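Have a look at the structure below before the remarks.
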Amino acid sequence: MKNKKIWIGVGVVVLIILAYFLLSGGKKEEKVSFDTAKVVKQNISTSITATGTIEPVTSVTVGTQVSGIVAKLYVDYNSVVKKGQVIAELDKTNLISELNTAKANLSSAQSTLNYELANYNRFKTLYDKGLVSADDYENAKLSYDKARQSVASSRESVQKAQTNLGYATITSPIDGVVLSKSVEEGQTVAASFNTPELFTIAQDLTDMRVIADIDEADIGGVKEGQRVTFTVDAFPDDSFEGQVTQVRQQATTESNVVTYEVVISAPNNDLKLKPGLTANVTIFTMEKNDVMAVPAKALRFTPNEVFLSKGEMIDDCEGDHKVWTKEGNTFKAHKVEIGTSNGMLTEIVSGIKEGTEVLVDFNISGGDVPGDEQKASNPFMPRPRGNNRNNNGQQPKR
């Protein structure tokens, strides 16, 4: 019986100690940690992305205005040509025959003109003496006029035949490089309805451009002179630079998507860029370099009643924009004037010194207070659930 009473007494003592631990000693201390960022000089930019095609700034399609068989080709792909250089010739047999026929017709017309001129002079002399009727004189004059017109027409036919013969010799219209060749020797080309394409010549492959298709939602921010970077799949480790040289007004609609063409310069001194490559373009619609800035989250940071138990809050700022600093147990608001923002960084024009550490976020951990009471949230937002969340109501990163 005595041992039983001893064990009961021991159990009571253990229960008292356990109850005391649970009611007092087991209570964890609530801890608050802060994320800060310094006001430092940074580069702020906004950009849009698009795809485009690389092409030469100047390229010319060379064709022929006459039909015939390709007799000679003097250039091939990638040939370097000079303006006026002969690059192909058509067979000239038929064209020479047409020229000779035109010359013969001119000669015949000239002979007829000489006869009609002499006849007209004879009838004029007789008409002046009253020896022939006015009707005979007018007929002689009419025949003479027709002969003159026939000579003029024949002369034009000769000129046309000579020009067509000249078209059989095809020359380069510009200095450049042959990009494409569409015919081979012996092939017949017909210029009846359209001009056959023989070659495409690019003027200068060191001066290229990108034609990018910009979505209608982004085109409003694109202006001439803006800096552009782009990459091509052929050289994935290289980044190329250019600038916007033209924003075209013509819209293109495809599958209910409206885009506008933007021309971007693409210097190509090392000749890496080739016509037809697809470019992945980034256009910097806004750039500010070496300006004081803070993370945009610092301007959304809002201390609340949880800080009253951690220290003193000083907020005598009026205005929409302010940042907070912590000195010891004192939280102080600073009114600032802001400039440009890209959503991640915001420019600080005035109101706080460079190098100052501002509060960006805070985290609360520990304690046995339920999550809704452990940390007060922004009064304009719903209270977050859980007992370990940051100032944005999200679980902190680990």
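Highest mean packing comes first when the peptides 93-104, 119-130 are listed by Cβ atoms within 10 Å, giving 93-104, 119-130. Across segment 208-248, Cα pairs under 8 Å and at least six residues apart give a relative contact order of 38 percent. Subtracting the Cα-Cα distance of Ala118 and Val349 from their residue separation scaled by 0.36 nm leaves 73.3 nm.
For segment 223-358, a simple Cβ point-charge model (Lys and Arg +1, Asp and Glu -1, everything else neutral) yields a dipole of about 100 debye relative to the Cα centre. Net charge dipole, segment 36-161: roughly 660 debye, given to the nearest 20, about the Cα centre with Cβ charges of +1 for Lys and Arg and -1 for Asp and Glu. Ranking Met286, Met208, Met313 by solvent-accessible area of protein heavy atoms (1.4 Å probe, all protein chains present), from largest to smallest, gives Met313, Met286, Met208. With a simple spin-label model that places each label point 7 Å from the Cα along the Cα-to-Cβ direction, the separation between Ala71 and Asp128 comes to 5.3 nm. Kirkwood Rh over alpha-carbon pairs of segment 251-320, then Stokes-Einstein at 10 °C and 1.306 mPa s: what D in µm² s⁻¹, rounded to an integer? Rounded, D is 83 µm²/s. The accessible area of Ser192, taken with all protein chains in place and a 1.4 Å probe, comes to roughly 90 Å². Dipole of segment 235-278 computed with +1 at Lys/Arg Cβ and -1 at Asp/Glu Cβ about the Cα centre; of Ser265, Thr252, Leu277, farthest Cα towards the positive end is Thr252. The mean of 1/r over all distinct Cα pairs in segment 60-155, once inverted, gives the Kirkwood hydrodynamic radius of 17.6 Å. Mean sequence separation of contacting Cα pairs (under 8 Å, at least six apart), scaled by the length of segment 96-208, corresponds to a relative contact order of 28 percent. Here Asn269 and Asp237 are evaluated by their C-beta separation; at R0 = 22 Å the FRET efficiency comes out at 0.75. Kirkwood radius, segment 293-364, all distinct C-alpha pairs, inverse of mean reciprocal distance: 12.7 Å. For the cross-link pairs Lys38/Lys353; Lys223/Lys272; Lys288/Lys326; Lys92/Lys160, the ones whose C-alpha atoms lie over 19 Å apart are Lys223/Lys272; Lys288/Lys326.
The values are calculated or read from the model by the stated rules, or taken from the named source; none is laboratory data. Given the structure is predicted, the values throughout are model-derived calculations rather than measurements. Cβ sites come from the backbone with ideal geometry, for glycine too, and all protein chains shown count toward neighbours. Ligands, DNA and RNA are stripped out before the accessible areas are found, and what is left, the full protein with its side chains, is counted by its heavy atoms. Shrake-Rupley method; radii C 1.70, N 1.55, O 1.52, S 1.80 Å.
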